[in-house]
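**Student:** One structure follows; several queries about it will come next.
The values are calculated or read from the model by the stated rules, or taken from the named source; none is laboratory data. None of the values given here were measured: they were computed from a predicted structure. Cβ sites come from the backbone with ideal geometry, for glycine too, and all protein chains shown count toward neighbours.
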Amino acid sequence: MAGSVNKETDLPVRLYLEGLSIPQVSAQTGIALSTLRFRLKRRGLLRTRAEGVRMAAQDGRLGSGLRGKSRTFTKQHCKAISEARLRHSAQHAKGTRITSSGYVEYTKGPNKGRSVHVLKMESRLGRPLREDECVHHIDGDTLNNEDNNLALVTRSGHTRLHQREKRIAKGLE
């Protein structure tokens, strides 16, 4: 049987060796993908994945749509995309978010990226906070930014205050 040529498998092997992919050979011959792969692997003819991708890229069959292909955009197109994104964000952005440390900050406008509690305190004082100042949430809830819950403290005083709270929680005071 080693010297005989099987007419059924000769055509698929020839098509594959001519550069067609397994899915393309399957579409032309009607033989299942898994059967073709098995036969090619048994004969030692199966391509590596890298070879298959390289051949698909050369034939323009890489991915779907424009994936893997470079595109050039006109300045007008880039501007239109930018304006559309700005319009979308203006319509859909909430304006605030909760940071990973639990504070509320603005996500749009002139104060984008700044904490709500800091801006409220600066507004109350009529000036920006100094480097050695910070805002303390009296009830410990960082989401409660009511004026009566915010206190202006020095950084060292803020640290002492939280250390005392920890000692009280542990029952040491």
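**Student:** Just to be sure, is K7 within 30 Å of V116 (Cα to Cα), at pLDDT below 90 and out of contact with any helix residue (DSSP H, G or I) (no Cβ under 8 Å at 6 or more places or on another chain)? Spell out how you get there, then give the answer.
**Tutor:** Numbers: within 30 Å of V116 (Cα to Cα): no; at pLDDT below 90: yes; out of contact with any helix residue (DSSP H, G or I) (no Cβ under 8 Å at 6 or more places or on another chain): yes.
The answer is no for K7.
**Student:** At least 1 residues that are modelled with pLDDT of 95 or more, in contact with a Pro (Cβ under 8 Å, 6 or more places away or on another chain) and surrounded by 10 or more Cβ atoms within 10 Å (Cβ to Cβ) in each: list the strands (runs of 3 or more DSSP E) lying fully within region 64-162 that qualify. If you could, list the steps in order and put the result at the bottom.
**Tutor:** On the way: elements: 96-98, 104-106, 133-137, 150-154.
By residue number, no strands (runs of 3 or more DSSP E) qualify.
Per-residue answers, yes or no, for (1) of a type in the set (A, V, I, L, M); (2) over 30 Å from H158 (Cα atoms); (3) in contact with a strand residue (DSSP E or B) (Cβ under 8 Å, 6 or more places away or on another chain):
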position	(1), (2), (3)
S70	no, yes, no
S82	no, yes, no
S89	no, yes, no
V104	yes, no, yes
P110	no, no, no
G113	no, no, yes
H136	no, no, yes
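**Student:** For region 141-163, enumerate the residues that are touching a residue at least 12 places away in the same chain (Cβ under 8 Å) and under 37 Å from the mean Cα position of the chain (by Cα).
**Tutor:** Of everything in region 141-163, those that are touching a residue at least 12 places away in the same chain (Cβ under 8 Å) and under 37 Å from the mean Cα position of the chain (by Cα) turn out to be T142, L143, N145, D147, N149, L150, R155, H158.
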